[in-house]
Amino acid sequence: RNKQRLTYACFYRSNKPSSASGPTTAHAQAIRVLEQEKIRLGDPKRVLSPREEIVKHIDRKVNEWQQRGDSILLVGDGNETPKDCELKDSTRKFSMKWLFESTGLTDVLRSFHGT
């Protein structure tokens with residue numbers, strides 16, 4: 001409409017790992033992919049967290065789409081409560097709230113239901 005592009009993106013952010021997490025969980029699978037990427041880039045000592053890396057990736061993509069002038073609809077499961085996003089005096093970096101603040105997108109669920 002009006003020659004404006006709508007970009008629709010879906011994501012799933014894995015749960016925090018636990019002692020009961022096995023090798024077939026989404027988190028374990030993401031760690032394997034990130035480890036392969038570290039080897040490919042020749043940076044084996046770099047520490048990567050799947051939960052942080054997906055937020056960084058979404059942040060980069062949203063900024064790219066925004067610069068292109070797109071309207072964006074982001075739908076996903078962040079596996080995080082509003083309380084998990086908060087530090088004592090600030091927002092936890094790479095939390096879902098941080099992502100919305102960083103990109104200027106509106107968290108419709110939080111806006112509708114509050115925190």
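Structure above, values below:
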| item | result |
| --- | --- |
| Which numbered condition V55 fails, given (1) in a loop (DSSP other than H, G, I, E, B); (2) touching a helix residue (DSSP H, G or I) at 6+ places or on another chain (Cβ under 6 Å); (3) surrounded by 15 or more Cβ atoms within 10 Å (Cβ to Cβ) | (1) |
| Within segment 69-113, considering residues that are of a type in the set (F, W, Y) and touching a residue at least 40 places away in the same chain (Cβ under 8 Å), the one least open to solvent (accessible area, probe 1.4 Å) | F94 |
| Conditions (1) among the β-branched types (V, I, T); (2) touching a residue at least 60 places away in the same chain (Cβ under 8 Å); (3) in contact with a Pro (Cβ under 7 Å, 6 or more places away or on another chain): number failed by I31 | (2) |
| When residues of segment 17-36 are limited to those that are modelled with pLDDT under 85 and surrounded by 10 or more Cβ atoms within 10 Å (Cβ to Cβ), the one farthest from L73 (Cα to Cα) | S21 |
| Checking Q66 against (1) surrounded by 13 or more Cβ atoms within 10 Å (Cβ to Cβ); (2) under 19 Å from F112 (Cα atoms); (3) out of contact with any Cys (no Cβ under 9 Å at 6 or more places or on another chain), the condition it does not meet | (2) |
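The values are calculated or read from the model by the stated rules, or taken from the named source; none is laboratory data. Keep in mind it's a predicted model, so treat the numbers as computed, not measured. Counting neighbours? That spans all protein chains shown, and the Cβs are built from the backbone with ideal geometry, glycine included. Just the protein is used for accessible areas: all its heavy atoms, side chains included, with ligands, DNA and RNA removed. Shrake-Rupley method; radii C 1.70, N 1.55, O 1.52, S 1.80 Å.
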